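Nothing in this text is a laboratory measurement; each read-out follows from the coordinates by a stated rule. Values in this document were obtained by computation on a predicted structure and should not be read as measured data. Backbone-built Cβ (ideal geometry, glycine too); neighbour counts: all protein chains shown.
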Amino acid sequence: MTDIRLYLFQTGHIRQQEVDIKMGASQDEFITPIPWFLITHPKGNIIIDGGTPVEAAIDPHKHWGTVAERYFPLMKEEDGCLNRFVEAGFDPKSVRYVLHSHLHIDHTGALGHFPNATYIVQRREYEFAYAPDWFSRGAYVKADFDRPGLKWHFLEGQDHDGFDLYGDGTVKFYFTPGHSPGHQSFLLNLPNSGAYVLTIDAAYTMDHWNEKCLPGSMTSAIEVARSVQKLRMIADVNDATIITGHDPDMWPTLKKFPEYYG
Ligand SMILES: [Zn+2]
């Protein structure tokens, strides 16, 4: 019997300017972790996001084009999601679902690498990824998600708020648009560690969470602000611990594989 556990991994870091993460901040270099998550579960393992695709580690300029001049992956090939997953002793066939918060270039590292997986994303995100507005174009690489033969499952915005993947409360989905049009966040309930909110990019850092700044990248300021409000209420009523999306202060304080939250 597989225990329910949350494992934290990362595909290295991304180097950018502080202003790319925090609106109105400096042009100083700012390095952020690129997390991904594994939830082991008796009904089948679950991956969330998968970090930066390994192709971007092998040749950043080829895979990301001119975006790599602004955002640079500090990542080795062995940091790829599948490589780390196998190295950790897990079987790629054991992954039943891959959940996508959104389809930005640093959240698509699991796509296509898990043969038995159904890939779950918001329909609005999937559709936007194929035809982003000009200011979001650099955030998507079509080769990441335009893969024939993938089994997708689409969620329909807030109609699916609280969707409970295995029916036991372990993983629930919440629509949190604003950073991207179809962004979603996750509420986890772990047997011993309690509730966790994975904000992903609905709040890059605790500054966003605490309503002290807006993100440097978004599609709607109003949606960004309301999605944080929504998650703050969900965290409050569930007494949840918060894990923000790309937080250079918080990430080092969290347990990483082989440690876990059980
Ligand atoms: Zn993003």
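Straight-line cross-link reach from Lys212 at under 20 Å between alpha-carbon atoms covers these aspartates and glutamates, not counting any fewer than eight positions away in the same chain: Glu18, Asp20, Asp28, Asp201, Glu223, Asp236, Asp247, Asp249.
Could you sort 69-79, 200-210 so that the peptide with the highest average Cβ count within 10 Å comes first and the rest follow in order?
Values: 69-79: 16.8, 200-210: 22.7.
Result, highest mean Cβ count within 10 Å first: 200-210, 69-79.
Sparsely packed loop sites in the range 194-262 (the GluC sites (Glu not before Pro) outside DSSP H, G, I, E and B with at most 12 other Cβ atoms within 10 Å) comprise Glu211, Glu259. Remark: the chain carries a charge dipole of roughly 440 debye about the Cα centre, counting +1 on each Lys and Arg Cβ and -1 on each Asp and Glu Cβ.
Rounded if a/c is under 1.5, else prolate if a/b is larger than b/c, else oblate: which is the range 30-168, with a ≥ b ≥ c the root eigenvalues of its Cα gyration tensor? Judged from the Cα gyration tensor, the range 30-168 comes out oblate (a/c at least 1.5, b/c at or above a/b). Please report how far the C-alpha centroid of the range 2-22 lies from that of the range 175-205, rounded to the nearest whole angstrom. If you average the Cα positions of each part, the centres end up 13 Å apart.
Only beta bridges with both residues in the range 22-138 are counted; by DSSP, about 30 percent of them are antiparallel. Our helix-only sum for the chain, with -39,500 (n - 2.57) per DSSP H run of n ≥ 4 divided by its residues, gives a mean residue ellipticity at 222 nm of -5500 deg cm²/dmol. Classify the range 190-262 as rounded, prolate or oblate, taking a ≥ b ≥ c as the square roots of the eigenvalues of its Cα gyration tensor: rounded when a/c is under 1.5, otherwise prolate if a/b is larger than b/c and oblate if not. Since a/c reaches 1.5 but b/c is at least a/b, the shape of the range 190-262 is classed as oblate.
Taking a ≥ b ≥ c as the square roots of the Cα gyration tensor eigenvalues, the chain comes out rounded, since a/c falls below 1.5. When DSSP beta bridges are restricted to pairs lying wholly in the chain, around 65% turn out antiparallel. With the highest mean first, a sort of the peptides 137-146, 152-161 on other beta-carbon atoms found within 10 angstrom per residue produces 137-146, 152-161.
Over the range 121-262, Cα pairs under 8 Å with separation of 6+ residues give a relative contact order of 21 percent. Pairs exceeding 25 Å between alpha-carbon atoms, taken from Lys62/Lys256; Lys76/Lys256; Lys62/Lys142; Lys22/Lys230; Lys76/Lys151; Lys93/Lys151: Lys62/Lys256; Lys76/Lys151.
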